[in-house]
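Nothing in this text is a laboratory measurement; each read-out follows from the coordinates by a stated rule. What you see is a predicted model, and the numbers here were worked out from it, not measured in a lab. Here the Cβ is made from the backbone with ideal geometry for all residues, glycine too, and neighbour counts use every protein chain on show.
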Amino acid sequence: MTPIYKVSYVVRGEDHPGAILNMEHAPRVGEHVHIGEREFTVVEVQELIPPRDEFHFLHATVRAGSGPLR
Amino acid sequence: MGDLETVLKQAELFEGLSPEEFLALSSLCREKRYRANETITRQGAEGDSLFVVCEGFVEVSLSAIEPDTGPRAVVHLGRGQIFGEMALVDQGPRSATVRSITDDTVVQVIDHEAFTALCEKYHHLGYIVMRNMAADLSFKLRHRNLTGR
């Protein structure tokens with residue numbers, strides 16, 4: 001079975017509602033992700049609830065832009 | 001079915017179905033495409049369909065409670081996510097407005113009547129899909145708790 005990562009993205013530092021989407025791989029700190037038409041940088045990743053079958057449930061914090069992590 | 005099968009198998013709604021059940025449910029799907037900024041459901045309107053996001057993103061927003069403020073976006077939903085499930089479960093009016101925020105947003109639509117008939121005919125399918133919808137609502141609540149919106 002191919003794992004599927006259902007991720008709750010929360011945007012740090014601005015008034016953004018965040019996003020929920022399925023990914024083919026788990027997000028990694030420093031990686032860039034596209035939510036809608038915008039690009040964000042992953043700051044933190046943690047498991048939100050235990051996996052069920054091939055589904056993994058994660059929470060990731062992101063910030064705007066694609067520059068280096070501070 | 002090809003690409004549709006691949007996309008739907010990555011949606012939590014279909015997780016745990018047997019191949020026959022998967023085929024029965026996916027045969028109810030019909031595709032709709034949207035350009036950016038098109039309204040898919042409107043808060044307060046009657047609703048009798050469930051939607052699965054296959055490509056692109058949609059924005060879920062609520063009408064303003066306070067005067068002099070605009071609608072409040074509560075979440076963006078991407079590939080594999082469902083919306084419209086509340087009206088499908090409780091048959092009340094749409095609880096939120098949903099609009100596409102990217103060009104080439106593709107959703108699959110499942111109509112309430114055919115969906116309910118399938119669940120009543122195949123109880124295991126009905127149990128699995130309702131469990132998956134409950135899990136999805138729970139995940140959305142957790143997301144909302146994390147965002148504080």
By how many degrees, between 0 and 90 and to the nearest 10, does the Cα long axis of helix B:112-121 differ from the longest principal axis of chain B? 40 degrees
Anchor A:Lys6: lysines whose Cα lies under 25 Å away (excluding residues fewer than 8 positions away in-chain): B:Lys9, B:Lys32, B:Lys140
With a ≥ b ≥ c taken as the square roots of the eigenvalues of the C-alpha gyration tensor of segment B:102-146, please select rounded if a/c is under 1.5 and otherwise prolate if a/b is larger than b/c or oblate if it is not? oblate
Using a 10 Å cut-off on Cβ to Cβ distances, tally the other chain neighbours for every residue of A:19-28 and report the average as a whole number. 5
Mean other chain Cβ within 10 Å across B:96-104 is 1
Extending each Cα 7 Å along its Cβ direction at B:Leu28 and A:Gln46, get the distance between those two points in nm, one decimal. 3.7 nm
Helix B:123-147 sits off the longest principal axis of the Cα atoms of chain B, rounded to the nearest 10 on a 0 to 90 degree scale, by 30 degrees
Rounded to whole Hz and in sequence order, give me ³J(HN,Hα) for segment B:92-97 from the Karplus expression 6.51 cos²θ - 1.76 cosθ + 1.60, θ = phi - 60°, writing x for Gly and Pro. x, x, 4, 8, 7, 8
For segment B:115-149 versus segment A:15-56, the gap between their alpha-carbon centres in whole angstrom: 21 Å
Packing-ranked peptide list from B:23-32, A:8-17, highest mean Cβ count within 10 angstrom first, is A:8-17, B:23-32
Nearest 20 debye, what's the magnitude of the dipole of chain A about its Cα centre given +1 on Lys and Arg Cβ and -1 on Asp and Glu Cβ? 160 debye
Between A:Glu44 and residues 5 or more places away or on another chain, the pairs with built amide H atoms under 5 Å apart involve A:Thr61
Taking each residue of B:44-50 in turn, how many C-beta atoms of other protein chains fall within 10 Å of its C-beta, and what is the average? 0
For the protein assembly as shown, inverting the pair-averaged 1/r of distinct alpha-carbon atoms gives a Kirkwood value in Å of 17.9 Å
Using DSSP to define loop residues, name the chymotrypsin sites (Phe, Trp or Tyr not before Pro) in segment B:76-149 whose beta-carbon has at most 10 other beta-carbon atoms within 10 Å. none
Which value in deg cm²/dmol, rounded to the nearest 500, describes the helix-derived mean residue ellipticity at 222 nm for chain B, given -39,500 (n - 2.57) per DSSP H run of n ≥ 4 and division by the residue count? -11500 deg cm²/dmol
Averaging over every viewing direction, what projected area does the convex hull of the Cα atoms of chain B cover, in nm²? 8.9 nm²
